[in-house]
Structures are given as structure tokens and as C-alpha cells.
Amino acid sequence: MYAVEMKDIIKRFGSFTANNGITLLVKKGEIHCLLGENGAGKSTLMNILFGLYRQDSGEIRINGKSVENHSPLAASRMGLGMVHQHFMLVDALSVWENVVVGLEPGGFRIDRKESIRKVQELSDRYHFELNAEEQVGNLSVGMKQRVEILKTVYRGAEIIIMDEPTAVLSPPEVEQFLMILRDMRADGKTIIFITHKLKETLAVADRITVLRAGKSVSTIEAGNASARELAGMMVGHEVDLEIERPFNEAGGAVLSVEGLRLLPNAASTVSFDIREGEIFGIAGVEGNGQKQLEEMIMGLIKCREGRISVLGKDVTKLGTRKRRQLGIGYIPSDRLNRALLSSFSLEDNYLLGKQFSDNYVRHGIVRHKAVKEAAGTLMREYDVRAAGMDQAAGSLSGGNQQKLVVGREASDEPKLIIACQPVRGLDIGAIHYIHEILLKLRKEGKAILLISAELTDIQQLSDRIAVLYKGEILAARKNEDFTEEEIGLLIAGHREAV
Amino acid sequence: MNLIHQIFSMNMLLATLRMAIPLTLASIGGVICERSGIINLGVEGMMLSGAFGAVAGTYFTGSSLAGILFALLVGGLTGLLHAVLCIRFHTRQSVSGVGINILASGLTIVLCRAVWKRDGLSETVKQVPGISIPGLEKIPVIGRLFRGQSPYLYITVLIVIIAWFVMYRTNVGLRLRVIGDHPKAAEAAGVNVTKYRYVSVVLCGMLCGFAGSYLSIVQSNLFVKDMVAGRGYMALAATIFGGWNPAGSFLTALLFAFAQAIRINVSLNIPEQLLQMLPYVLTLLVLMGVGGRVRGPQASGDIKD
């Protein structure tokens, strides 16, 4: 019997069809991976299953019972639970308060003892190693996720939907998470695991359903699948997962960072050089000082301790504009807040950051013709697909937005490129394209700082790798001198792995 | 020595408690409102409406109780107005709040004119009498706390205790705290966020109205235009400084009230104008001191969904 049957689900948003006749059959007690790129319709489908959206047509059965008048409340009554990608937790409250809210033991006056006992018991049963009375704000991301899972289990969920649960975890945390999934399966739970990561899918899934562009491509037994085959099904054509990084002679130092204190309580400061024609990769889970490093180098926040120099010139006290004029191209991690104005046209967005350049602005007046021409060239060169130059940047796909940003920052001959989370949220094709561009820029002799939470990015592109943990570089070596396992352990803060 | 005697006297304590009453009531209203995720800059106007409502109610019926009930009604209605604007129509919360202040200020003057044919003040009405608690009033020294005090004093203390208990010991309070920090989490947990918000904002309006009635028919016996005189903003400061906790609000309100009481009860060789500034300056200093440090409801002011 199937725990979940979704047949021919169609869901449109205006003229856009997010789900175009998707069928998903999930067996009871299995781990079922829902694999697909961003925009393939995974989240929409799951939101329909959980009752957050109503499908335009199609049938849903849960444990054989047809579902009418669906809502999140009805879903949870039918034993469905959802762990959202963005945690639904209140940092200021304790673990047990987060778990029991909405279904508190004891009625009006909460039975505190009973609440704590119940939550602790559940945590112990699945070896979550949580303390029910701990404040959630003090927990690591991995532990917070366990609280989220606990919330669904506490509400009696038998079928648990997990939306991109591993996106925020370090490699060892991912391992632990997969163990938890197996434990839960052994306990009889059914798990729907939404992801776009092939490795995890193959490691844990019983069966896999691949979605592409709003359609279900196929459902296969995990035992019969290979990464290459799955990637091909996701993208729709053969894909090259490998990228070649040819040898490149590195030149003189372009960026020097000395004794920079990224986090106030970091155990040590950070120092490194990046040379011409070199990609220096910063690996690590976000929140370990990446944002601070990015913003200190760009002069967006003050650095209280340490020195930053670009091409031998001390820029520590300079403002962002002066720094950029030295030849820094900047691909911010926060694309929609720092890199683009989503309601402005592509042309205006091209001008962003170049507004002081005589080429585009004379005597305070924008030279639209020059901007239009340059932006047009960029869009052709970098394959930015848009209806026209007047289109709002926010209406482009993530991949095209990022191509615009990368192209803009690579123009006007920068010496140094600060690339932060450059492929976040992009599909395989776009990721591949951005990777190629970064390697091309490297070949042209530009120094590149690559900050990415995706280990594959770092490993495929970097000449040298530094692992950032709690504001400290735990190890920095040539790419070849690290094993993947070593990096994984370092990312999780296991210093002894060095 | 004389000065110290003046400051730490029973008179000062009683004066502080009395002045803390309206601040406490309004600031607990603010706590409830902001915990539900809605910022309320309209406290001042809600209090003013309540002050007017209390006088009007007493004037027309001759009954203090009716005056108080009318103040609750009027305050609740201003709360409802804020709630509808913010929740139903997604008005900017600060705009709606300030709008209510301006509306209350103008409308009460117009109504004074309409009812009493006077500019900016009402006729005098009956004051709410003080009460004594038999037995307790006989205790030496502290007996004065229970002799001839306004019933508002005891009701306020009771409201502080109830509000604290509900906030931190009950399911309603837990849900409210979750709504203020993460409304989507509350929704996903099956909590009717919209209902909680309406109830909270209306309750806040009623508490503000009640606070306003204290100013017009307990401390005084008539309505005077803009008689709240910034106490609404002080109450808001107490909400923040008190860490969005009813008990914290009460303590902060006591601090502000203490500054007001000094102004009235202690004879200092300082120009009167400087003394009058004291409570306001203290409010500013307190806000500057804690502004960045207290952690309020994370999602307050944000109901875009």
C-alpha cells in the first residue's frame, strides 16, 4: 500500500505551470527522494501535499484515503509532518516550548513537567542528544534541525516531508542526519526527502522520483541508479559533472589579509594572500565568519583588528568606492540585496557599481546609450537570457541574474574578484557555466577569492583551500593536499583532522 | 538629610505608585500588542480616547462605573481600528499608530466643543472615590497603602500578575510569544494567528483606554485636551525597557513614575522647568542605554504575508 499517492497533479500560478501532471507514489516505510533542480516543482508539490496550496487538478490519497478540503491542519491530522527549509523555530524559547506550542500538555495552564518529559523522551528515542530545556538560540544548525523533526514526531507524524534538509549542514552533520533518517525508517516512518544533491540521494534513498520543469520524469529504485544518470534526468540531457582545472602559473600577490579578526570571540585571526591567476577557496558552513570576511574586504563593515591590502596598497581604512576603483569585482553572497535591484531594469542594474565611471556618467548625467551598449554586449557575451533590456532584474531566473552580476563584475578589467556563494540556488547548467567563467577569469590572471558553502565548488575550482570555522582558518593548503574527508571534518570543526 | 527624608517617604512611595498606574496599564497593553507582532505607536491616542470616554460616560450617566466601561469601550474601538488597518489592510503600523494619535487629539477637541460647547476641556464630573480595605488599613506604616487609595491601584497590580502569568505559564501566552517571533511557525503549529492579533490589539486598546480613564476621572475630574501629555510614549518606552515582559513593564513604569513624583513631591533648588523635564529625559536616557540591547519580538511590525 502507498502512504502517499499524488496523481496527475497540476498547479498553475498565473501563466506559469509549476506542476504539470506530476505523479508521485510513496510506499509506506520507505525513504523516497524527490530529486530536481530549483524550479522543477518539488516545493510546490510538497506544499500541495501538506495543504499549503490547493492543486488545480489531480488526486491525493494519504494512506489510501482520498483527501478533500486539504489544509495543514488536516494534513497533520492525517499523520503528515513537514520540516521546512527555513526553520520555524523561535530562538528565544526553549526546545520543549518550540516543540509543544499549539498542542500543549495541560490545557490553559501548561503542564511544564509533563511537556519536558515528553519532549525529552522523544529526543532520546531517536538519539537526538537534545536537552529539552536548552534555549534554541544556543543550538547549532544541525541540532535546530533535530528540533524541527521533533516537532513533527511530537504531533504524531508518520509521513515526514523534509524540504532540502541538508542544505545548511556540514558534511559530518549530513552523515549524522542520514543516520537519523535510517533510524526513523527503522521505526516505521515514511520519509519524503526533497533535495537536488545526488550523493545524499544515492546514500539514503530507497526509491527516487525525478522532477524536471514541472513534470515527473521517472521513479526508479535507488539501487539501479547512478549519479550521472540521475543528473541527466534532472537536466534533460547528458551532463558533464566534471570540470577541468588546467595548471595555471600564479603571479604576484593581489590581495593580502593579515591578522583579520572576523568574529569577536574567534580563537585566532585570519591571514592569507591571493596571487594573480589563482583561485583561493574558503570552505565552511555559512555563519563561521564568511559574511564578515566578505564585507570587511569590501569595506562594508569595519575591521577592528588586522590589515587588508590590495596590490600592495593598504586599504583597511578606505571606503568601498575607493577599494573598487583599485580593481575589485564583487559578487556578493546576498544577490538580491547587494548585487541587484530586483525592480530595476537590466540596464540600470548594469550601471550599479559603475555610477562613478566617466564611461557611463558625465557631469552627473547618465549616458544611457553607452550603458545600453555595454549592457547589451555583456548580455550576449555571458548568455543572459531576457526579453529585453527593460525587463526587471527580479523577473530573471537565478541563473540569468547571476550571469548578469558576474559579467558586470568581470568587466572593466578587475585585478581581484571576490566571489561569494556564486552558485547558490542555481541549476546544474548555470552552475557549470559560472564555474567555467571563474576558471576563464583565473586564466586571464585575475586573483579570485571564492567563498562557498558548496564543497564541490571549492574542490573543483580552487588552487588553494582554507577551511573557516568559528572565524578561524583551521587549515590552508593546496587543493591536492586535502582529502575530501579531511575537509569535511575540518568544516565541522575537528581540528585534529589536520 | 531633609532631602533624603523627602525622597524615601511614604508620600513619595504613594505618589510613585499612583503615577505608575497609567504607565503600567498602557505599557502592558503595549506588551500584549507587540508580542502579537503589531507595533503600537498609537498608545498615546488610545489613552486620550479613554480619558475622554471616561468623562463623557460619567457625564451622561452620572455613574463612575459607566464612565470606566465607556473608556474601555472607546479604547477597545481605537484598538480595533488599529487592528483592522494593520491586519486587514496591511497599513504601515507606524503610520496607523501615529494616525490614531492625531485622530484622537483632534476628535476629542471637536467632541468637547460639540458636547460642552467649550474649547479643549469638558465640564467637571464626579471623581472615582478611593477605597479602604478593612483590616489591612489598620497596619502601622504600610496601612496607608490600603487606606483611601484608588481601586485602580489594586486592579493594576492584579493585571500585572495576571498578564505575567498568562504570558509565561499558559498555552495562550506561549502561542503569543511564538507569534511575535515567528508567526509562520505559530501558523504551522495550528495557531490562528489572525485571531490572536485582533484580540491582542483590541485588548491593548482597552488597557490604554482604562489607563486614560485614570488620568481624567481619578487623578482629575474633567477632560483637558491632550491631557495624556506624552505618557503614552513613556508607556511605550516602558514596554521596550521592560523587555516586553509585564513585570518588567511594571518596574520600568515605577522608575518613570518615581521621576515624576520627585518633580511634584520634593522641593529642590532647581528651576521648575528642568524638573519637569526629568521624566522625559529619563525616558530618553533609558532608551539610549538599552535601545540596541533588549531583544523584542523578532517579527514585530512585519505581517506582510
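A few comments on the model shown:
- Among the candidates A:S115, A:S71, residue that is of a type outside the set (K, R), open to solvent by less than 10 Å² (accessible area, probe 1.4 Å) and within 14 Å of another protein chain (Cβ to nearest Cβ): A:S115
- Between B:F8, B:F70, the distinction of being open to solvent by 30 Å² or more (accessible area, probe 1.4 Å), within 24 Å of B:L153 (Cβ to Cβ), under 18 Å from the mean Cα position of the chain (by Cα) and without any contact (Cβ under 8 Å) to a residue 40 or more places away in the chain belongs to B:F70 only.
- The listed residues are A:L202, A:L198, A:L178, and the only one of them that is open to solvent by less than 40 Å² (accessible area, probe 1.4 Å), modelled with pLDDT of 90 or more and either over 30 Å from A:A74 (Cβ atoms) or outside the structural domain of A:M88 (by TED's automatic domain parsing) (or both) turns out to be A:L178.
- Residue ID - nearest to the other protein chains (Cβ to nearest Cβ), chosen from residues in the range B:177-191 that are open to solvent by less than 20 Å² (accessible area, probe 1.4 Å) and not in a helix (DSSP H, G or I): B:A189
- Count - residues of the range A:22-40 that are open to solvent by 10 Å² or more (accessible area, probe 1.4 Å) and closer than 24 Å to A:G429 by Cβ: 3
- Where helices (runs of 4 or more DSSP H) sit wholly within the range A:377-491, those with at least 1 residues that are among the polar types (S, T, N, Q) and within 27 Å of A:M234 (Cβ to Cβ) occupy A:398-410, A:455-461.
- Checking each residue of the range B:144-153 against the condition of being within 14 Å of chain A (Cβ to nearest Cβ) and surrounded by fewer than 18 Cβ atoms within 10 Å (Cβ to Cβ) gives no match.
- Residue count, the range A:444-470 (criterion: surrounded by fewer than 23 Cβ atoms within 10 Å (Cβ to Cβ) and touching a Pro at 6+ places or on another chain (Cβ under 8 Å)): 1
- In this entry, A:R61 passes the filter for residues that are open to solvent by 50 Å² or more (accessible area, probe 1.4 Å), in the same structural domain as A:I10 (by TED's automatic domain parsing) and in a strand (DSSP E or B).
- Filtered residues of the range A:286-315 (kept if without any contact (Cβ under 8 Å) to a residue 24 or more places away in the chain and either open to solvent by less than 20 Å² (accessible area, probe 1.4 Å) or not in a loop (DSSP other than H, G, I, E, B) (or both)): A:E295, A:K313, A:D314, A:V315
- Members of the range A:155-175 that are in contact with a strand residue (DSSP E or B) (Cβ under 9 Å, 6 or more places away or on another chain) and open to solvent by 10 Å² or more (accessible area, probe 1.4 Å): A:R155, A:G156, A:E158, A:D163, A:E164, A:A167
- Among the residues of the range A:82-112, the ones that are touching a residue at least 60 places away in the same chain (Cβ under 8 Å) and more than 10 Å from chain B (Cβ to nearest Cβ) come to 2 in all.
- Qualifying residue in the range A:152-162 (condition: of a type in the set (G, A, S) and more than 14 Å from chain B (Cβ to nearest Cβ)): no
- For B:L174: the one exception among (1) away from chain A (no Cβ under 14 Å); (2) over 18 Å from the mean Cα position of the chain (by Cα): (1)
- Extreme residue, farthest from B:Q298 (Cα to Cα), among residues of the range B:192-221 that are among the hydrophobic types (A, V, I, L, M, F, W, C) and open to solvent by 10 Å² or more (accessible area, probe 1.4 Å): B:V218
The values are calculated or read from the model by the stated rules, or taken from the named source; none is laboratory data. Since we're looking at a predicted model, the values are computed, not measured. Cβ sites come from the backbone with ideal geometry, for glycine too, and all protein chains shown count toward neighbours. Note: accessible area is taken over every heavy atom of the protein model, side chains too, but ligands, DNA and RNA are not part of it. Shrake-Rupley method; radii C 1.70, N 1.55, O 1.52, S 1.80 Å.
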